[in-house]
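The values are calculated or read from the model by the stated rules, or taken from the named source; none is laboratory data. Since we're looking at a predicted model, the values are computed, not measured. Cβ atoms come from the backbone with ideal geometry, glycine included; neighbour counts cover every protein chain shown.
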Amino acid sequence: MSGPSLSSIATVEDVVRLIHARKPDHVNVGFADMPGQLRVKYVSTERFLAALEKGLCFAGAALALDHGDVQRPARGVSTGEGVVFGDRLCKIVPDSVREIPWESPTRNLLFLADFEEPEGPLQSRNLYLRVLARARAQGLRAFHSSEYEFTLFEETPRSIREKDYRDLRLATLDSSYHLMLRQGVGSGFYNALMDSCKCLDIPLEGVHEEMGAGFMEAALAYREGVRAADDAMLFKTAAKIVAQRHDKLITFMARWSNQADGQSGHIHVSLRDEQGDPLFYDPSQPRNMSRRMRHFVGGLQALLPEFLILFGPTVNSFRRYQPWIFSPVAASWGWENRTCALRLIGGSPHSQRIECRVPGADANPYLALACVLGAGLWGMEREIEPGEESTWNVYENLDKVAPKHRFPRSFGEAIGRFDASAPARELFGDRFVDAYVETKRAQDEEFAALVTDVELRRFFEFA
């Protein structure tokens with residue numbers, strides 16, 4: 001492909017040179033909404049070039065759209081005096097450019113756009129950038145990677161609706177953890193997914209069959225800062241597109257069935273200084289655990305119960321926070337302990353890190369990463385010491401976990417904890433917290449009023 005490489009694009013001038021070299025007729029421009037879905041539109045090259053300087057407009061109310069385009073209340077965006085559902089200005093991000101594999105060469109460029117004031121604080125990507133700026137002001141560089149569990153079905157969006165989401169056909173009939181047999185049979189999907197990630201510059205480190213019928217896991221490689229969040233958002237988007245283009249369907253629901261395990265979106269995090277030296281490793285300390293790493297863990301342990309609604313953003317998310325399905329139930333920590341919320345992983349100076357096992361696969365990557373980084377920074381700034389390490393199975397010994405570290409039991413309780421959290425308002429801003437809480441309360445009230453199939457089976461005849 002002619003023109004400068006995409007990895008060299010950093011400025012508006014670089015983008016102009018790229019456009020002139022490739023001569024596309026349209027460019028894809030989009031943003032991630034509050035649930036983490038990528039919303040895009042085709043923009044003519046002429047309009048795109050003008051928008052590089054002037055900005056591009058999207059409907060501001062789109063920031064308050066929930067899954068299925070349900071319009072949620074968010075003061076100043078979709079509710080409140082003076083809200084007229086107008087367009088709002090977004091700034092195109094030059095170095096966010098990617099290449100879309102399923103588009104023709106004349107319209108395969110993708111750029112992300114960030115909302116400017118007054119909607120800027122409500123956009124999830126901007127929220128992560130706000131927390132990242134806090135780290136950089138202290139001379140810290142943040143590195144992240146994400147792992148996603150998902151389930152693959154031999155279904156289509158139309159077929160699942162026709163079946164009313166019952167008797168769905170899984171891609172495999174039984175659990176096939178790492179089995180080459182199943183991987184080989186499903187290589188058409190796997191190869192398309194890997195090829196798409198390569199084209200999109202998503203560093204897919206590994207993908208494999210998991211323990212469960214149709215159950216799979218993908219791991220992304222480490223990246224610095226917002227690029228890691230962009231990778232995670234784009235991976236979820238690309239995986240769903242690849243599946244549907246192969247007449248299959250993927251779900252990232254936190255728990256899609258009572259018989260299935262929860263689906264996680266684990267986050268790995270470490271910090272380095274401005275010279276690139278790792279800050280979580282100190283050979284003079286037990287387990288080589290530096291003071292900064294201890295305080296980062298301390299901040300996470302203190303704030304995870306208050307921030308849980310960002311890791312579990314839907315009523316379904318809380319079906320996952322149950323013992324014995326490898327999902328955390330309290331803000332515990334331990335070395336190589338997968339029953340903990342925070343699994344500490346030792347190794348070389350650059351590989352020593354923290355795995356946060358709290359986010360579901362349904363979490364918005366920008367918000368989940370902002371939570372992990374923000375809570376850790378908060379702990380470092382205050383030199384918060386973590387509680388006792390959990391060297392035991394937390395599911396069997398929950399009584400050993402301090403009550404303050406246990407997670408809210410319900411979606412509604414988690415909303416209230418986040419609303420009342422002073423650290424959340426300090427890290428993320430009142431405007432975001434108020435809007436996010438308003439949208440989640442609306443979802444909670446909606447689902448609380450629904451009659452479920454379980455209720456019918458339990459009470460219809462005998463009540």
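This table checks each residue for (1) over 24 Å from Glu117 (Cα atoms); (2) among the charged types (D, E, K, R); (3) under 22 Å from the mean Cα position of the chain (by Cα).
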| site | (1), (2), (3) |
| --- | --- |
| Leu18 | yes, no, no |
| Arg22 | yes, yes, no |
| Glu46 | yes, yes, no |
| Arg72 | no, yes, yes |
| Val93 | no, no, yes |
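Elements of the type helices (runs of 4 or more DSSP H) sitting completely within the stretch 368-463 and holding at least 2 residues that are surrounded by 23 or more Cβ atoms within 10 Å (Cβ to Cβ): these cover 411-419, 422-428, 430-448. Take the residues in the stretch 209-221 that are modelled with pLDDT of 95 or more and surrounded by fewer than 19 Cβ atoms within 10 Å (Cβ to Cβ); name whichever of them is farthest from Leu173 (Cα to Cα). Filtering the stretch 209-221 for residues that are modelled with pLDDT of 95 or more and surrounded by fewer than 19 Cβ atoms within 10 Å (Cβ to Cβ), the one farthest from Leu173 (Cα to Cα) comes out as Ala221.
Checked against the criterion of being out of contact with any Pro (no Cβ under 9 Å at 6 or more places or on another chain), closer than 26 Å to Arg136 by Cβ and either surrounded by fewer than 23 Cβ atoms within 10 Å (Cβ to Cβ) or modelled with pLDDT of 95 or more (or both), the candidates Asp230, Asp277, Asp273, Asp261 yield just one match: Asp273.
If you go through the stretch 21-51 and pick out every residue that is within 18 Å of Lys240 (Cα to Cα) and small (Gly, Ala, Ser), you end up with 3. For the stretch 34-58, taking the residues that are surrounded by fewer than 18 Cβ atoms within 10 Å (Cβ to Cβ) and touching a Lys or Arg at 6+ places or on another chain (Cβ under 7 Å), the one that is farthest from Ala239 (Cα to Cα) is identified as Gly55. The residue pairs whose first member lies in the stretch 157-182 and is part of a helix (DSSP H, G or I), whose second member is surrounded by 14 or more Cβ atoms within 10 Å (Cβ to Cβ) and of a type outside the set (Lys, Arg), and whose beta carbons are closer than 8 Å, counting only pairs six or more residues apart or on different chains, are Pro157/Gln244; Pro157/Leu249; Ile160/Phe153; Ile160/Leu168; Ile160/Leu249; Arg182/Thr172; Arg182/Ser176; Arg182/Glu209.
The strands (runs of 3 or more DSSP E) falling completely within the stretch 1-113 that include 2 or more residues that are in contact (Cβ under 8 Å) with a residue 40 or more places away in the chain and not hydrophobic (A, V, I, L, M, F, W, C) map to 26-32. Of the residues making up the stretch 183-209, just one is part of a helix (DSSP H, G or I) and acidic (Asp, Glu), namely Asp195. The lone criterion from (1) in a helix (DSSP H, G or I); (2) within 17 Å of Asp66 (Cα to Cα); (3) among the hydrophobic types (A, V, I, L, M, F, W, C) left unmet by Ala363 is number (1).
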